[in-house]
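The values are calculated or read from the model by the stated rules, or taken from the named source; none is laboratory data. Fair warning: this is a prediction, and the values are worked out from it, not measured in the lab. Cβ atoms come from the backbone with ideal geometry, glycine included; neighbour counts cover every protein chain shown. Areas reflect the complete protein model, heavy atoms only, side chains present, ligands, DNA and RNA absent. Shrake-Rupley method; radii C 1.70, N 1.55, O 1.52, S 1.80 Å.
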Amino acid sequence: MKIGFDAKRAFLNSSGLGNYSRNTLNALHQYYPDNHYILFTPEIKKELFHHSEKFDVISPDSPTSKIFKSLWRSFSVSGYLNKRELDVFHGLSNELPAGIHKTSVPSVVTIHDLIFLRFPEFYKPIDRNIYYRKVKYACSASTKIHAISKQTKTDIVNYFHIDPEKIEVVYQSVSPKFFETQNTGELLKKYELPEKFILSVGTIEHRKNQLAILKAIRSSEIKTTVVFVGTPTIYSAELLKFISENKLENQVKFLSNIPKKDLAGLYQMATLSIYISFFEGFGLPVIESMASGCPVITSNASCLPETADDAAILCDPKNIEEIGTALTKLIENKKEREKYIAKGHKRAKHFHPACFSEKMISLYSQVLS
């Protein structure tokens with residue numbers, strides 16, 4: 001098959017949609033190397049996408065298109081599809097190029113979540129309007145919709161009134177690095193960490209609910225260091241204020257822009273991982289933790305019970321006492337940690353790149369037939 005991809009996020013986003021895009025492309029290339037993969041991106045940054053040389057990459061080549069890169073991505077890519085004789089085009093991040101419905105090329109779009117509709121207060125009105133128009137068009141124009149969870153599929157049906165038969169749920173994969181044993185010997189020294197620590201991975205933002213972790217640590221008088229790994233936002237100020245008011249400076253560490261290999265090592269060394277978000281489309285750090293052999297505490301909200309299944313301790317993200325009890329339970333009880341490590345390993349196998357790529361190739365074949 002000759003498959004085209006909107007690969008902007010693979011080259012330009014360091015986390016989130018970028019990780020999904022890179023994981024998807026690398027898995028397909030590794031396990032189905034005989035296919036021809038063509039990547040369309042308005043800009044190429046190889047420092048984020050280390051294996052991009054394995055793919056056929058198309059980017060703006062004229063002076064005008066280089067100036068108006070975002071317009072090239074939205075309005076010019078469709079013109080390439082028939083010329084390059086693609087069998088399928090896949091929009092990896094919630095959108096498809098305008099006019100794709102007028103081409104003869106069938107398409108798949110991955111919809112990650114509709115958080116901008118569920119929690120509009122977190123978005124500027126102009127951004128919500130742009131996201132809405134792009135996602136609505138993609139859902140309408142695509143031949144098939146790939147939802148990354150049942151939660152996302154339900155939201156697509158409810159918000160855009162799409163036929164459920166058009167939507168296929170395929171859980172995303174995690175990087176193979178999380179399944180590999182990492183050399184962790186120098187990481188504690190490199191990041192100035194204690195031997196025992198709680199790990200929380202994700203953008204530092206209100207929806208991810210990191211303040212609840214700090215409140216639980218204080219209320220339950222937990223002395224273990226917590227390490228937050230993620231890009232800071234304005235929400236970080238709330239955490240810093242709480243840390244200062246409660247004299248937790250020596251117990252909290254913030255890290256960002258961690259190489260994937262190091263992040264896998266941090267999971268493998270952590271006492272536990274906690275991901276207590278209010279709402280997610282999938283919750284990738286939950287599976288990254290499990291693949292790495294790290295016991296998990298996560299929310300009983302949105303898709304997170306679906307992602308974790310029975311392999312994590314679930315908590316009400318608003319219940320500080322419940323979160324504190326779960327933290328104490330895993331920190332103090334080695335048998336409980338071992339139980340959830342074993343369950344996590346079993347659960348993570350469902351999200352291995354080999355399993356994911358097989359399902360995606362099946363989806364492309366289904367679209368072609």
### Query
Of the numbered conditions (1) more than 17 Å from SER173 (Cβ to Cβ); (2) without any contact (Cβ under 8 Å) to a residue 60 or more places away in the chain; (3) open to solvent by 10 Å² or more (accessible area, probe 1.4 Å); (4) in a helix (DSSP H, G or I), PHE11 satisfies every one except a single condition; which is it?
(3)
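For every residue, the table says whether it meets (1) farther than 21 Å from GLU192 by Cβ; (2) among the aromatic types (Phe, Trp, Tyr); (3) within 20 Å of the chain's Cα centre (by Cα).
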position	(1), (2), (3)
ILE204	no, no, yes
ALA212	yes, no, no
ILE222	no, no, no
VAL226	no, no, no
VAL229	no, no, yes
GLU245	yes, no, no
LEU248	no, no, no
SER256	no, no, yes
### Query
Could you count how many residues in the range 292-322 are under 19 Å from the mean Cα position of the chain (by Cα) and assigned to a helix (DSSP H, G or I)?
5
### Message
Residues that are modelled with pLDDT of 95 or more, open to solvent by 30 Å² or more (accessible area, probe 1.4 Å) and out of contact with any strand residue (DSSP E or B) (no Cβ under 9 Å at 6 or more places or on another chain): does the range 182-189 have at least one?
### Response
no
### Query
PRO232: more than 26 Å from ALA348 (Cα to Cα) and either surrounded by fewer than 17 Cβ atoms within 10 Å (Cβ to Cβ) or touching a residue at least 60 places away in the same chain (Cβ under 8 Å) (or both), yes or no?
yes
### Considering residues of the range 195-228 that are open to solvent by 50 Å² or more (accessible area, probe 1.4 Å) and modelled with pLDDT of 95 or more only, the residue nearest to LEU304 (Cα to Cα)
LYS215
#### Entry: Residue check, LYS329 in a helix (DSSP H, G or I) and over 26 Å from ASN19 (Cβ atoms)
yes
### Task
Determine which member of the set GLU238, GLU249, GLU322 is open to solvent by 60 Å² or more (accessible area, probe 1.4 Å), within 13 Å of ILE213 (Cβ to Cβ), free of Cβ contacts under 8 Å to residues at least 24 places away in the same chain and among the acidic types (Asp, Glu).
GLU322
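Kindly indicate whether ILE297 is closer than 22 Å to LYS223 by Cβ and open to solvent by less than 20 Å² (accessible area, probe 1.4 Å).
When the stated conditions are applied, ILE297 passes them.
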### Query
Got a sec? Which helices (runs of 4 or more DSSP H) wholly within the range 63-174 have at least 3 residues that are surrounded by 15 or more Cβ atoms within 10 Å (Cβ to Cβ)?
78-83, 115-118, 125-141, 150-160
